[in-house]
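S.K.: This is the structure, below, for whatever I ask next.
The values are calculated or read from the model by the stated rules, or taken from the named source; none is laboratory data. Please read these numbers as outputs of a predicted model, since none were measured by experiment. All Cβ positions, glycine included, derive from the backbone under ideal geometry; neighbour counts span all protein chains shown.
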Amino acid sequence: MTVRARFSHVPVAVILALLALAGGLLLSLYVALAADLRTQMRAELQADIRAVRAADRLQPAVAAIAVLDDQAPSGNGYGPRYILLDPETGAALAGTLPSWPRISLDAAGCGEAGTLIACTTRLDDHFPLLIARPTLPITSARSRILLGLGALVVLVPLIVAGAALVRMSAMRRRIEGIEAALDSFTGGELKARPPALGNDLVGRLADKIGLAMEKLAALIARQYVTAEQIAHELKRPVAMAAQMLQGTPSAERIDACREQMLEMNSLVNAILWVSTKSTDVVRVPIALDGLLASAVSVFAGFAAERGVRIDLELAEVSIDSEPDLLRTAFVNMLDNAIKFTASPGTVTVRCALQRGSATITIEDEGPGLSAFPPEPGYLIRGPAAAHVPGSGLGLAQAQRIMALLGGTLMLSDRKGRSGSMVALQLPLSHAASDGAEMAL
């Protein structure tokens, strides 16, 4: 509505402004031209009077009348008109005017009446004589100016309307470019983008639409990859179960098939958890160091079997959080660290206060992140992880949990050493917010 109003009101305002400006200029021109013409006509009348008086001195009245008759116009010409009166009776003695016009004279004996500018004098010192010239030049100038103003009244709106039409046509082409890009995008051409349209309102809108399309295309690509990864992960236990069921059934094969089905069920549940977990989290006070020590104790046997030692450096930290979700996120990351650490190796778990938050770090001695380039999708598994058991959902699940708990999960390579480090940062509880910070 606002854009449409701007495009509809701006041309009207432009038209009115241009008309007002043109009208003012034409009016000023007319006033100046009329004043100049009046001055010129009075000068001509004064010249006529001087010529008449000069002739009157040589031969009273007769010569003066002859001078005026010689200059008299033919038809409706511009030359002087006159009338000579009998001073006693007031009757017209001679002239080209039908009667003495009603005119208010100034100190110089001149004035304007209707379409005439006139000056008066006396011949032979007592015969009243009025000489007049028509205001035709002023009238013609006014007519031409009015005609010009009328032309402006017609032409300016046409010009502005034409310019507005051109602009709206260009605007329509730009919007059609955006529409075409959106049509291509919704038709499956995910690389389609609106053309660059400048820095005006439509251009900025096109840029924002293009940015939204970029993000949406990346999300769609991620969903494609995720679907492929999920299909691959589900296919493996199904294929193995089918292979177990071939041939003569046995208790061993049935047990192995059951294990594959349980693995597939666990994978499906994990996928559903990542996709549908609600944001309703009930936070309670937690002794973070105790929760971590308890979780690590569960993995002690698994780590020992793989020849991995778990070192703990846990400060006393209390937070408000959801213990089951936090334990799941930590266990997922600890499990990955143990799996990717070759025997003999060490996984180090630390917990401390750092920059106003509780920070949990898990360092392993595996190949590091550079060996496992993450693929877009929920299943974070690079080619180098093919020999490691798991689906890759652990990291996605941990990321989702940290978002629900108001924290962050960061991955990095260890500085100067092989291996990777996972940092889980969580907000502190009120009881621990005033404690001293400890650097890792």
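S.K.: Quick one: ARG355 ticks every box in (1) closer than 22 Å to GLY416 by Cβ; (2) at pLDDT below 85 bar one, so which box is it?
M.R.: So ARG355 meets the others, but not (1).
S.K.: Is it fair to say VAL274 is at pLDDT 75 or above and surrounded by 15 or more Cβ atoms within 10 Å (Cβ to Cβ)? First the steps, then the outcome.
M.R.: Values: at pLDDT 75 or above: no; surrounded by 15 or more Cβ atoms within 10 Å (Cβ to Cβ): yes.
Considered against the rule, which asks whether it is at pLDDT 75 or above and surrounded by 15 or more Cβ atoms within 10 Å (Cβ to Cβ), VAL274 comes out as no.
S.K.: Testing ARG174 on (1) surrounded by fewer than 18 Cβ atoms within 10 Å (Cβ to Cβ); (2) assigned to a helix (DSSP H, G or I); (3) modelled with pLDDT of 85 or more, one condition comes back false. Which one is that?
M.R.: (1)
S.K.: Out of (1) more than 18 Å from ALA398 (Cα to Cα); (2) surrounded by fewer than 21 Cβ atoms within 10 Å (Cβ to Cβ); (3) in contact with a strand residue (DSSP E or B) (Cβ under 8 Å, 6 or more places away or on another chain), the odd one out for PRO323 is which?
M.R.: Of everything listed in (1) more than 18 Å from ALA398 (Cα to Cα); (2) surrounded by fewer than 21 Cβ atoms within 10 Å (Cβ to Cβ); (3) in contact with a strand residue (DSSP E or B) (Cβ under 8 Å, 6 or more places away or on another chain), PRO323 misses just condition (1).
S.K.: Do we have any residue at all in the stretch 346-355 that's farther than 15 Å from LEU424 by Cα and in contact with a strand residue (DSSP E or B) (Cβ under 7 Å, 6 or more places away or on another chain)? So that I can check it myself, show each step before the final result.
M.R.: Kept after step one, since they are farther than 15 Å from LEU424 by Cα, are these residues of the stretch 346-355: 346-347.
Okay, now just the ones that are also in contact with a strand residue (DSSP E or B) (Cβ under 7 Å, 6 or more places away or on another chain), so 346-347.
Scanning the stretch 346-355, I find at least one residue that is farther than 15 Å from LEU424 by Cα and in contact with a strand residue (DSSP E or B) (Cβ under 7 Å, 6 or more places away or on another chain), so the answer is yes.
S.K.: Just for the stretch 402-418: of the residues that are touching a helix residue (DSSP H, G or I) at 6+ places or on another chain (Cβ under 8 Å) and closer than 19 Å to ILE338 by Cβ, which one is surrounded by the most Cβ atoms within 10 Å (Cβ to Cβ)?
M.R.: Of the residues in the stretch 402-418, the ones touching a helix residue (DSSP H, G or I) at 6+ places or on another chain (Cβ under 8 Å) are 402, 404-405, 408-409, 411-413.
Of the ones still in play, those that are also closer than 19 Å to ILE338 by Cβ are 409, 411-413.
Numbers: LEU409: 18, LEU411: 16, SER412: 13, ASP413: 15.
The extreme case among them is LEU409.
S.K.: Then there's this: Looking at LEU33, is it at pLDDT 75 or above and in a helix (DSSP H, G or I)?
M.R.: Working: at pLDDT 75 or above: yes; in a helix (DSSP H, G or I): yes.
So LEU33 fits the description; yes.
S.K.: Determine, yes or no, whether ARG167 is under 29 Å from ALA13 (Cβ atoms), of a type in the set (Lys, Arg), modelled with pLDDT of 85 or more and not assigned by TED's automatic domain parsing to the domain that holds LEU21. I'd like the intermediate steps shown before the answer.
M.R.: Numbers: under 29 Å from ALA13 (Cβ atoms): yes; of a type in the set (Lys, Arg): yes; modelled with pLDDT of 85 or more: no; not assigned by TED's automatic domain parsing to the domain that holds LEU21: yes.
Against the criterion (under 29 Å from ALA13 (Cβ atoms), of a type in the set (Lys, Arg), modelled with pLDDT of 85 or more and not assigned by TED's automatic domain parsing to the domain that holds LEU21), ARG167 does not qualify.
S.K.: Which residue out of LEU97, LEU146, LEU129 is under 17 Å from ALA55 (Cβ atoms) and either modelled with pLDDT under 85 or surrounded by 11 or more Cβ atoms within 10 Å (Cβ to Cβ) (or both)? Show your work before the answer.
M.R.: Values: LEU97 fails: under 17 Å from ALA55 (Cβ atoms); LEU146 fails: under 17 Å from ALA55 (Cβ atoms).
The match here is LEU129.
S.K.: Something else: Criterion first (in a helix (DSSP H, G or I), aliphatic (A, V, I, L, M) and surrounded by 13 or more Cβ atoms within 10 Å (Cβ to Cβ)) does LEU205 satisfy it? Break it down stepwise before answering.
M.R.: Working: in a helix (DSSP H, G or I): yes; aliphatic (A, V, I, L, M): yes; surrounded by 13 or more Cβ atoms within 10 Å (Cβ to Cβ): yes.
So LEU205 passes the test.
S.K.: Let me ask another. Looking only at residues that are polar (S, T, N, Q) and touching a residue at least 24 places away in the same chain (Cβ under 8 Å) in the stretch 102-139, which one is farthest from THR89 (Cα to Cα)? Outline the logic, then answer.
M.R.: Keep residues of the stretch 102-139 that are polar (S, T, N, Q), which gives 104, 115, 120-121, 135, 139.
Subset that is touching a residue at least 24 places away in the same chain (Cβ under 8 Å): 115, 121, 135, 139.
Values: THR115: 27, THR121: 17, THR135: 30, THR139: 35 Å.
In this case the residue turns out to be THR139.
S.K.: Determine whether the stretch 137-148 contains at least one residue that is within 29 Å of the chain's Cα centre (by Cα), under 24 Å from LEU21 (Cβ atoms) and of a type in the set (Gly, Ala, Ser). Show your work before the answer.
M.R.: Initially, the stretch 137-148 is screened for residues within 29 Å of the chain's Cα centre (by Cα), giving none.
Scanning the stretch 137-148 turns up no residue that is within 29 Å of the chain's Cα centre (by Cα), under 24 Å from LEU21 (Cβ atoms) and of a type in the set (Gly, Ala, Ser).
S.K.: Report, ordered by the first and then the second residue, all pairs with beta carbons closer than 6 Å, sequence separation of six or more or different chains, a first member in the stretch 406-420 that is of a type in the set (Asp, Glu), and a second member that is assigned to a loop (DSSP other than H, G, I, E, B).
M.R.: ASP413/GLY368
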